[in-house]
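Shown next, in structure tokens, is the structure this report addresses.
The values are calculated or read from the model by the stated rules, or taken from the named source; none is laboratory data. If you're wondering where the values come from, they're calculated on a predicted model, not measured in any experiment. Neighbour counts are summed over all protein chains in view; Cβ atoms, including those assigned to glycine, are modelled from backbone coordinates with ideal geometry. Accessible surface areas use protein heavy atoms only, side chains included; no ligands, DNA or RNA. Shrake-Rupley method; radii C 1.70, N 1.55, O 1.52, S 1.80 Å.
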Amino acid sequence: MIRKYIALLRMKYIEMLAYRLATFVWMTGAITQPLITMFVWMNIHPEESESFLFYFMAVIFVERMTSAWDVWELDREIREGTFSNLLLRPLHPIHWAIAENIVYKWLFAVILVPVWLVGAVFWPALRPHMTAGQAVLFLAAVVLGAALRFLLSYSCGLFAFWVTKVAAVYGVIDVISLFLSGRIAPLEFLPPMLREWSEWLPFRYMISFPIEIATGAADGGELARGFAAAAGWMAVFVAGVQWLWKAGMRKNQAVGG
């Protein structure tokens with residue numbers, strides 16, 4: 001299996017390089033919204049400019065490390081019938097999606113981490129103050145957040161076996177996530193009721209929770225509760241993907257390809 005994944009990663013890497021301009025456009029577009037939001041909050045609370053700078057740079061990093069676009073791929077492939085081609089391959093189609101996600105995030109990290117390091121030389125606010133233990137927990141939370149977001153996207157994409165344009169439905173989920181994941185503002189700025197919802201819904205653990213670890217906002221019991229909640233949602237999404245896959249295979253009727 002390891003050798004198969006190495007081959008998959010190599011293939012997806014070559015594919016990503018073949019579309020360098022498109023990849024660059026995706027990456028550039030992805031950082032635009034957090035930067036605009038950062039400047040808005042800096043103008044509202046200029047006394048907190050340094051904390052907003054670190055927070056939204058962390059949002060850019062974590063959001064790209066946890067990003068998932070599989071719902072749009074599955075929506076198109078299932079609707080057009082080309083998904084049937086993936087069923088003929090020796091590996092489950094989800095492994096191709098996982099390999100693509102890993103390569104994209106590795107390429108983004110290779111670009112963003114050096115940029116952050118250079119920026120930290122000139123802007124002290126970008127220098128993280130994490131212990132080794134915090135850094136390990138931060139990376140673990142990022143990996144867990146990436147898995148959660150991928151599984152949510154993939155499970156929603158599988159609804160394309162029943163819904164014609166499932167990407168439109170996912171758009172509603174993405175808008176909710178924009179607020180409850182901490183992408184539009186730190187969760188502490190949300191009304192109390194929304195903050196409480198964010199504790200129970202999975203979106204916080206996709207983006208905000210790793211950043212809370214990096215800034216020291218989450219520690220002790222909050223860390224334990226956060227990882228426990230994320231693990232619980234992981235179990236729910238894994239079970240959901242398995243059930244939707246089996247039901248979808250019974251429903252599958254290719255209309256194209």
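Some observations on this one:
- Residue satisfying condition, being farther than 30 Å from Tyr5 by Cα, open to solvent by 60 Å² or more (accessible area, probe 1.4 Å) and either outside any helix (DSSP H, G or I) or not hydroxyl-bearing (Ser, Thr, Tyr) (or both), within set Phe179, Phe159: Phe179
- Single residue of region 102-141 satisfying the filter (at pLDDT 90 or above and open to solvent by less than 30 Å² (accessible area, probe 1.4 Å)) that is farthest from the chain's Cα centre (by Cα): Phe138
- Within region 24-47, tally of residues that are within 16 Å of Thr66 (Cβ to Cβ) and either of a type outside the set (A, V, I, L, M) or not in a helix (DSSP H, G or I) (or both): 3
- Scan of region 211-227 for residues that are assigned to a loop (DSSP other than H, G, I, E, B) and among the hydrophobic types (A, V, I, L, M, F, W, C), ordered by number: Ala217, Ala218
- Test: Pro93 is in contact (Cβ under 8 Å) with a residue 40 or more places away in the chain and more than 17 Å from the chain's Cα centre (by Cα): no
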